[in-house]
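Colleague: The structure that follows is given in the form of structure tokens.
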Amino acid sequence: MECSRDQLREWDRRHYWHAFTQMAEYDPLIIERADGVWLTDIDGRRILDGVSSMWCNVLGHRHPAIDDAIRRQLQQVAHVTSLGMGHPAPIRLARRLAELAPGDLEKVFYASDGACAMEAALKMAFQYWRQCEVPEPGRDLFLALGHAYHGDTLGSVSVGGVARFHAMFDPLLFDVVRGPCPDSYRLPAATATVEEAGQYYLGRYERLFEQYGDRLAAVVVEPLVQGAAGMVMHPPGFLAGMRELATRFGTLLIADEIAVGMGRTGRLWACQWEDVVPDFLVVGKGISGGYLPLSAVVTSPRIWDAFLGDYADSKSFFHGHTYGGNPLACAAALATLAELERTRLVEHVAEAERTLRQALESLYQLPQVGDVRCRGMIAAVELVADRATRQPFPWEEARGHQVCRAALAQGVWLRPLGNVIVVVPPLVATEEHLHRIADAIRVGILSTDWE
């Protein structure tokens, strides 16, 4: 269908309902092609992809090895169902994930995006307690973190805690036990250091385990960093402490590594920083290099065995989506993992983090910058009305959006979370790229009317 650029913009406004976007205010930004860390719009403008196309692009756009893997797979077959049928690509990927996952996690269930994988993990945990060797059907609750985000399906929203996104749907959700958000920036009043805050948070969770422990099917955690909460960085040891509590009280641990996995924190899996082996490792976003929809739940023989039995036992996991384990996506994932291994790129994330941190910390010269935080190639610049009290700007003022619009004029695409400017570039971003992102944020802040 041939059309002009103006026609595309008109159709974009008229027909394309964009995710997390107020369409009454939408100004079309239409990307036509990309290469490496660069996006190119329909007007030929080059834009640095400062958020990895929503945190999923790992090796850059149009990576030759991934492109080639998809082409080769396309010459064989584009799709094979996972319902009672296999294909070499998802089989090989399952084997590779089993080799790379921590501990004894070796059983792989595919979905097509992170929320659907989280939905599967929640249902697996719930069903496990009803048909394990010693059933505990009373375990019907999940423990979740404050301000958590695990996706937008009803189960994942239930364990989520971002009220601005999800309050509308409260009548549709199941009840969860919710603890505090383990924030390292805005510390609890009773604490003076991040270390003290970590112990405070774990103490709060220990009391919840004591109260609800025999009813908990699982505890759900975003390891190290809570993305949609505003890139909240957890105190050191918090993840390990939650693993210890889950083990002590006999429940399961679901680690949502959708945003923090695939090398983003400087280890392939964020759990590895604190030597944690979850019962469910949920992966997505970067697993296909940011190319195609793919996610997975990786779990242990203990969980798997509870679903085995005769046909008449009806113990199967009656769950699955049409494109789960799609061969094209799995081929992209295999190529991505192979490139990460060949280039040893994850080992270089620590050096990139130092560069990114240094570049962003220069923004402390601006009074509106309250905090700069980094974990690997995940970073955030939080804007505040008062640095001393850490008072945020009212959400309705859209300060983050104003800064990001000005940064776009500088050729850098960023997308904020309220007052938090999110920086999640591809792992292949160079020192020059990282400084360019920081410079664009600086111009964006200086260009914004703060009165």
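Colleague: Test of understanding: ordering Ser4, Ser82, Ser288 by Cβ neighbours within 10 Å, fewest first, what list do you get?
Modeller: The fewest-first ordering by Cβ neighbours comes to Ser4, Ser82, Ser288.
Colleague: Using only Cα atoms, what is the ratio of the radius of gyration of the range 348-392 to 2.2 N^0.38 Å?
Modeller: Rounded to two decimals, the normalised Rg is 1.22.
Colleague: Let me ask something else about it. Of the options Leu224, Leu202, Ala259, report the single residue whose Cα projects farthest towards the positive end of the charge dipole of the chain (beta-carbon charges: Lys, Arg +1; Asp, Glu -1).
Modeller: Result: Ala259, furthest along the dipole toward the positive end.
Colleague: Still on this structure, I have one more. How high is the relative contact order of the range 68-343, in percent, counting Cα pairs under 8 Å that sit 6 or more residues apart? Could you put the intermediate results ahead of the total?
Modeller: On the way: 534 pairs, mean separation 80.1, N = 276.
Relative contact order of the range 68-343: 29 percent.
Colleague: If each DSSP helix of 4+ residues adds -39,500 (n - 2.57) and the sum is divided by the residues in the chain, what number results at 222 nm, nearest 500 deg cm²/dmol?
Modeller: Mean residue ellipticity, 222 nm, calculated: -11000 deg cm²/dmol.
Colleague: Let me ask another. Stretched out fully, how many nm does the piece from Asp175 to Glu10 gain, at 0.36 nm a residue minus the Cα gap?
Modeller: That pair, Asp175 and Glu10, stretches by 55.1 nm at full extension.
Colleague: Percent relative contact order of the range 1-63, based on C-alpha pairs within less than 8 angstrom and at least six residues apart?
Modeller: About 24 percent, as a whole number.
Colleague: Say each of Ala24 and Thr430 gets a label point 7 Å from the Cα, pointing the same way as Cα to Cβ; how far apart are those two points in nm?
Modeller: 4.5
Colleague: Return Glu353, Glu210, Glu222, Glu451 ranked ascending by Cβ neighbour count within 10 Å, so the fewest neighbours appear first.
Modeller: Placing the least packed residue first, the sequence is Glu451, Glu210, Glu353, Glu222.
Colleague: Which peptide among 188-194, 161-167 comes first, and what is the full order, when sorted by highest mean count of other Cβ atoms within 10 Å?
Modeller: Working: 188-194: 12.0, 161-167: 14.3.
Highest-to-lowest ranking by the protection proxy: 161-167, 188-194.
Colleague: Around Lys315, under 15 Å between beta carbons, what's the net of Lys plus Arg minus Asp minus Glu among the other residues?
Modeller: 0
Colleague: Further question on the same structure: Bin by bin, in steps of 10 Å, what percent of the Cα pairs in the range 373-451 do you find, going until the bin that has the longest distance?
Modeller: All Cα pairs considered, the percentages come to 19, 52, 25, 4.
Colleague: OK, next. Quick check: convex hull over the Cα atoms of the range 68-343, volume per residue in Å³, rounded to an integer?
Modeller: Cα convex hull per residue, to the nearest whole number: 134 Å³.
Colleague: Turning to a different aspect of this structure: For Arg33 and Asp386 in one chain, what is 0.36 nm times their gap in residues minus the Cα-Cα distance, to one decimal in nm?
Modeller: Working: separation 353, 0.36 × 353 = 127.08 nm, distance 4.09 nm.
Once the chain is fully extended between Arg33 and Asp386, it gains 123.0 nm.
Colleague: Round to a whole angstrom and tell me the spacing of the C-alpha centers of the range 63-84 and the range 310-377.
Modeller: 21
Colleague: With a ≥ b ≥ c taken as the square roots of the eigenvalues of the C-alpha gyration tensor of the range 167-234, please select rounded if a/c is under 1.5 and otherwise prolate if a/b is larger than b/c or oblate if it is not?
Modeller: Details: a/c = 2.15, a/b = 1.32, b/c = 1.63.
Taking the square roots of the gyration eigenvalues as a ≥ b ≥ c, the range 167-234 is oblate.
Colleague: Please give the net charge around Ala144, taking every other residue with its beta carbon less than 11 angstrom from that of Ala144, where Lys and Arg add +1 and Asp and Glu add -1.
Modeller: Counting the neighbours of Ala144, the net charge comes to -2.
Colleague: Something else now. At 0.36 nm per residue, and after removing the present C-alpha to C-alpha distance, how many nm does the segment from Asp104 to Glu244 gain when stretched out fully?
Modeller: 48.7 nm
Colleague: Can you give me the C-alpha center-to-center distance between the range 276-307 and the range 429-449, rounded to a whole angstrom?
Modeller: Result: 35 Å between the Cα centres.
Colleague: Additional query: Hey, which lysines would be in cross-link range of Lys315, C-alpha to C-alpha under 18 Å, not counting anything within fewer than 8 residues on its own chain?
Modeller: Of all the lysines, those that pass the test against Lys315 - Cα under 18 Å, at least 8 places apart if same chain - are Lys107, Lys123.
Colleague: Report for the chain the percent antiparallel among DSSP-assigned beta bridges with both residues inside it, nearest 5.
Modeller: The answer is about 70 percent antiparallel.
Colleague: Note down the net charge around Cys56, summing +1 for each Lys or Arg and -1 for each Asp or Glu among other residues with Cβ under 14 Å from its Cβ.
Modeller: Numbers: positive: Arg264, Lys285, Arg415; negative: Asp49, Asp113, Glu257.
That sum, taken over residues with Cβ under 14 Å, equals 0.
Computed from the coordinates by the stated procedures, all read-outs in this text should not be read as laboratory data. Quantities reported herein were computed from a predicted structural model and do not represent experimental measurements. Don't worry about glycine lacking a Cβ; one is built from the backbone with ideal geometry, like all the others, and counts go over all protein chains shown.
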